[in-house]
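The structure appears below as structure tokens.
The values are calculated or read from the model by the stated rules, or taken from the named source; none is laboratory data. Just so it is clear, the model here is predicted, and its values are computed rather than measured. So basically every Cβ, Gly included, is an ideal-geometry build from the backbone, and we count neighbours across all protein chains shown. Heads up: the accessible areas ignore ligands, DNA and RNA and are worked out on the full protein's heavy atoms, side chains in. Shrake-Rupley method; radii C 1.70, N 1.55, O 1.52, S 1.80 Å.
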Amino acid sequence: ADWYRQRPASEYTLQLLGTRSRQAASDFVGRHAGVRDIGFFETRHEGQPWFVVTQGAYATRQQAQQGIANLPEPLRNQKPWPRSMASIQQSLP
């Protein structure tokens, strides 16, 4: 979570996965360890732990959108979407 807290709130990342399972998030990151800046953080969703996997740090939403094309096909198939660092920072406990 520190990495996300330290990023400028104006940046964007690509959200790849959300899951209730820390192990599933960790395994997903492990399977894609060769991808730059892939990681996950824990937040809460509907009062339960929620683990969100993201990739990258992009200066603008448009750059994040363009970054999707550079992801390996299995990650593009996850239908990633840009998410602001501000929204992530607000969601961190």
Some residue of segment 12-23 being open to solvent by less than 30 Å² (accessible area, probe 1.4 Å), in a helix (DSSP H, G or I) and of a type outside the set (Lys, Arg): no
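Matching residues to (1) out of contact with any helix residue (DSSP H, G or I) (no Cβ under 6 Å at 6 or more places or on another chain); (2) at positive phi; (3) surrounded by 17 or more Cβ atoms within 10 Å (Cβ to Cβ):
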| position | (1), (2), (3) |
| --- | --- |
| 10 | yes, no, no |
| 25 | yes, no, yes |
| 31 | yes, no, no |
| 41 | no, no, yes |
| 53 | no, no, yes |
| 60 | yes, no, no |
| 77 | yes, no, no |
| 82 | no, no, yes |
| 88 | no, no, yes |
